[in-house]
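Inspection log for the structure reproduced underneath, given as structure tokens.
The values are calculated or read from the model by the stated rules, or taken from the named source; none is laboratory data. Keep in mind that this is a model prediction, so the values were computed, not measured. Backbone-built Cβ (ideal geometry, glycine too); neighbour counts: all protein chains shown. Accessible surface is based on the protein model in full, side chains and every heavy atom, while ligands, DNA and RNA are left aside. Shrake-Rupley method; radii C 1.70, N 1.55, O 1.52, S 1.80 Å.
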Amino acid sequence: MSTIAEQLASNLQIAKNSTWTASLTDSGIPLLFPKDYISEHYRLLFDIPEEEKEIFHNAFRTVSEGVGNEIAKINSVASSSLLCLLAFYRLTQDGNDYVLKIPNIPALEGLSFTKCFFEIRNKVIGKPSCVDIVLVDTNKGVLLFLESKLSEYLETSHKEEYGKSYIPLYMEETINGILKNYDIFARQNQRGELELLFGESSSDKAYIEGIKQSISHLIGIYQGPQDQKTDSYDPKNYMYWFERAQKIYYGTIIYSPMSEPNKYIELYEGIIGANGSEIMNAIKRCKKDGVKNAFKEYANRKIEVLSEVLTYQSLFSIYENSRLLTPTVKMFYNL
């Protein structure tokens with residue numbers, strides 16, 4: 001069981017006065033409930049108020065019905081989807097009095113996010129990308145897409161393989177050069193697939209999947225939503241805010257309780273954070289069908305990549321933001 005999972009399980013036992021015990025998966029990750037769990041169990045476990053029952057259940061359904069088999073992943077205390085749900089579900093309620101501010105990020109200074117949508121599907125290559133959450137400043141028309149990580153970034157590897165459709169983009173001079181600066185090489189393997197791997201003589205390992213995932217999300221944000229049939233004239237719908245956005249940001253938020261330097265943060269900020277505009281330009285130049293054919297109304301929109309990784313710890317250290325969390329959630333995640 002990962003160190004983070006162990007700590008979270010321990011925190012929850014304390015929060016619930018030791019009345020809760022974890023059952024384990026074969027890999028040692030503690031599960032919260034048997035496979036037939038429902039969101040009501042989560043509501044009671046984390047002391048979500050009765051008056052917020054419907055809001056929480058609606059948000060839960062959105063999060064757990066994602067394309068990445070979230071309904072299985074969310075059954076674990078090591079689920080980034082569960083953390084994202086518990087942290088932000090109150091922003092799904094129309095007319096709420098909650099405001100989320102992002103600390104220490106100059107680009108987001110002065111913005112107040114009062115609304116959110118979970119599991120946003122955007123067109124990529126073949127399957128859509130599914131960004132965990134988009135926060136909305138409804139007054140200034142600003143969207144902030146965030147990919148949430150809890151313990152995934154601890155799953156390091158020497159190489160990863162992806163579909164062949166990604167090869168033209170990763171062989172593109174700019175992206176290929178950025179990756180090489182970090183001793184990561186893109187090549188076509190014997191099966192014709194894209195292979196991202198550290199240099200042959202390197203013993204380095206990293207969460208390469210997180211880098212690829214962010215590039216896919218940027219393709220998706222550039223190309224627009226997978227499903228455009230949703231009524232775009234209703235402020236309750238994501239399409240309403242996407243079509244009217246004055247500015248779009250993309251970033252990553254992670255749960256990082258360790259005091260020592262986080263290697264994934266260093267890798268992410270060096271590749272994605274420091275080269276966001278170059279990566280976006282490379283996406284626009286790419287000749288591969290399905291990447292270049294962005295919807296015209298979105299193609300020229302300014303998409304800015306945050307240079308720094310956000311952490312749940314820093315975000316909820318602000319009192320106003322911490323109001324979004326129930327006391328049990330605060331104790332569980334030590335926020």
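Surface listing: E266, E209 arranged by accessible area from highest to lowest gives E266, E209, probe 1.4 Å. Pairs spanning more than 27 Å between alpha-carbon atoms, out of K180/K247; K149/K205; K159/K330; K101/K302; K164/K236: K180/K247; K159/K330; K164/K236.
Approximating the spin labels as points 7 Å out from Cα along Cα→Cβ, the R244-to-E320 distance works out to 2.2 nm. Within the stretch 136-169, the GluC sites (Glu not before Pro) that combine a DSSP coil assignment with at most 14 other C-beta atoms in a 10 angstrom radius are E155. Here's how it looks for S112: its modeled amide H is under 5 Å from none belonging to a residue 5 or more places away or on a different chain. Amide hydrogen proximity for S157: with H placed 1.01 Å from N in the peptide plane, the residues at 5 or more positions away or on another chain lying under 5 Å are A206, Y207, I208. Peptides 238-245, 56-63, 118-125 ranked from most to least packed give 118-125, 56-63, 238-245, packing being the mean of other C-beta atoms within 10 angstrom over each peptide's residues. Between the amide H of L150 and those of S80, Y255, distances stay under 5 Å, these residues lying 5 or more places away or on another chain, with hydrogens modeled in the peptide plane.
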